[in-house]
Amino acid sequence: MKTKFQSMLRLVSAICLILAFAACGEQKSEAGRIAPEVTVDLGESELYTEQERSDAMLAVRSKFATFAGCELHNIRYAGDEANSEENLKWLNSLVDDAEFTQVAEFLTDFHSPVEDGPYAWEQDSEYRDYQWWLARKRDGDWVVVSWGY
């Protein structure tokens, strides 16, 4: 069971990450272009609170930040339908000894690096509805388990 301290710590961490991403939003990317502002749509959910969806979104943004030269345009919650037994079984199969109990999917639109990199993306291209699959143990931290089309 979460304590008030844990909940407050999670909220403060989320706010710090959002502020850090906002501060980076006006810096030049490695491609030399001004990074656009990122649009976030946490959508509606009957399964997850806004804070839980925000935590998941931050996990995606943190992973995306490791993709040098990419420019994120928007990120959005794909809906509660992703939390299915089939998807849960799939994500558990991707991680040794995983015991995930919940699934969430986010979609992003972004621009790939202008120069060739270690990714399989087409250079200098727009990607739409790029999938991000997250899982967690009930009330645990979200883990980005898979991404791509």
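Throughout, read-outs are computed from the coordinates displayed, never taken from laboratory work. Remember, it's a predicted structure, so these values are computed and weren't measured experimentally. Every residue, glycine as well, gets a Cβ built from its backbone with ideal geometry; the counts of neighbours run over all protein chains shown.
One table, with the values for the structure above:
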{"item": "Efficiency of FRET from Cβ geometry, Y119 and L47, R₀ 25 Å, rounded to 0.05", "result": "0.20"}
{"item": "Most to least packed among 137-149, 61-73 [average Cβ atoms within 10 Å]", "result": "61-73, 137-149"}
{"item": "Relative packing of peptides 86-97, 37-48 - highest average C-beta neighbours within 10 Å first", "result": "37-48, 86-97"}
{"item": "Summed residue charge, Cβ within 13 Å of D80's Cβ, Lys/Arg positive, Asp/Glu negative", "result": "-4"}
